[in-house]
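Below is one structure, written out as structure tokens; the observations come after it.
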Amino acid sequence: MRWEFKINNPYESRRAEGERIRREYPDRCAVIVERAPNSRIADLPSKKYLVPNDLTVGQFYFLIRKRIQLRPEDALFFFVNNTIPSTSITMGELYQQHADEDKFLYVAYSDESVYANNTLSFHELPQETQLSIERKRLAGYCHKAYKKVNHTREETRETTVCQCENSFYVDTVRAFRDRPNASKKDDLNEVKRCNNLVVIHDSLQLAHKCILNSFYGYVMRRGARWYRMEMGGIVCTTGSTIIKRTRELVEQIGRPLELDTDGIWCVLPATFPENYELITRDPSRPKVVISYPYSLLNLIIKDHYTNDQ
């Protein structure tokens, strides 16, 4: 192999520099790392390295892989005097065995074994190199045999779901819902604090959505206490069915604009009642105003999706 370092620097200057490094840094060895011919790996920005003597060849593999930003599936081979060194020996031992006359250790690297007299078997290579070779060979075989590398398969499965109740979910939602309304008449500070928690209907709905979505994400997270794939599937199916039924109803009244997981944006006629006023017999609260569209949609949810067990 033609070394650029030897071509650009005469032997006398290389020998003097190598001896100076050995005197000033006795615990390190001077290593020249260059890319082998016909290698498809990127070239190193720097070819001269001072490597600690106790650093193993396997650790030096890792450093060079990071320096050239090599992908995990790409292989990397080191060659010293046309042989692949063992990853268990230290760089100091490798230097003592293969140092050149100019006191430098020359290491070539490539993405494949380019020398026939390789002294290492496959199981003696670094683990990352073994995995890279296996991935490369497997991908090549799949591409040749099946004309593709990845295979996506869809399966239809059935399962029996026990309708167990986790009161943690219901208790949390109820506590959040009742918190702005909970007030003590005798404690003015508590009344003021609770009044500050009162929000409008849309914001309250958005807050409920955040909590319920957090629950769903927790249920679908592996390792969670209540992880259940079936529960996540039921939530997705029920949600899509609800919003589909809502769209069909809104299309009979107005025009739907946007569908969301917990609501629908739509345009309703100007004559359609937005708020409905109820007269009560309670003198302290003679009138109750309800949102007619919200009540209509909530009634559908109650009639079709209530678990009566």
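Some observations on this one:
- Ile242 meets each of the listed conditions (1) at pLDDT 75 or above; (2) surrounded by 13 or more Cβ atoms within 10 Å (Cβ to Cβ); (3) part of a loop (DSSP other than H, G, I, E, B) apart from (3).
- Some residue of region 7-22 being in a loop (DSSP other than H, G, I, E, B) and touching a residue at least 24 places away in the same chain (Cβ under 8 Å): no
Here's the yes/no breakdown for (1) within 42 Å of the chain's Cα centre (by Cα); (2) charged (D, E, K, R); (3) surrounded by fewer than 17 Cβ atoms within 10 Å (Cβ to Cβ):
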{"position": "Glu17", "(1), (2), (3)": "no, yes, yes"}
{"position": "Glu24", "(1), (2), (3)": "no, yes, yes"}
{"position": "Leu50", "(1), (2), (3)": "yes, no, yes"}
{"position": "Gln59", "(1), (2), (3)": "yes, no, yes"}
{"position": "Leu70", "(1), (2), (3)": "yes, no, no"}
{"position": "Ala75", "(1), (2), (3)": "yes, no, no"}
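- Within region 65-77, the residues that satisfy the criterion of being farther than 17 Å from His123 by Cβ, touching a residue at least 12 places away in the same chain (Cβ under 8 Å) and not in a loop (DSSP other than H, G, I, E, B) are Arg65, Arg67.
- Evaluation of Cys162 against (1) without any contact (Cβ under 8 Å) to a residue 24 or more places away in the chain; (2) assigned to a helix (DSSP H, G or I) (one fails), failing number: (2)
- Selection status of Val289, among the β-branched types (Val, Ile, Thr), under 24 Å from Arg174 (Cβ atoms) and at pLDDT 75 or above: yes
- Cβ-Cβ distances below 6 Å connect the following pairs, each with a first residue in region 94-110 that is closer than 16 Å to Asp27 by Cα, a second residue that is in a strand (DSSP E or B) and small (Gly, Ala, Ser), and a separation of six or more residues or different chains: Phe104/Ala30.
- Matching entry among Leu296, Leu257 (being surrounded by 10 or more Cβ atoms within 10 Å (Cβ to Cβ), outside any helix (DSSP H, G or I), on the phi < 0 side of the Ramachandran plot and under 44 Å from the mean Cα position of the chain (by Cα)): Leu257
The values are calculated or read from the model by the stated rules, or taken from the named source; none is laboratory data. Nothing here was measured: the structure is a model prediction, and the numbers come from that model. Backbone-built Cβ (ideal geometry, glycine too); neighbour counts: all protein chains shown.
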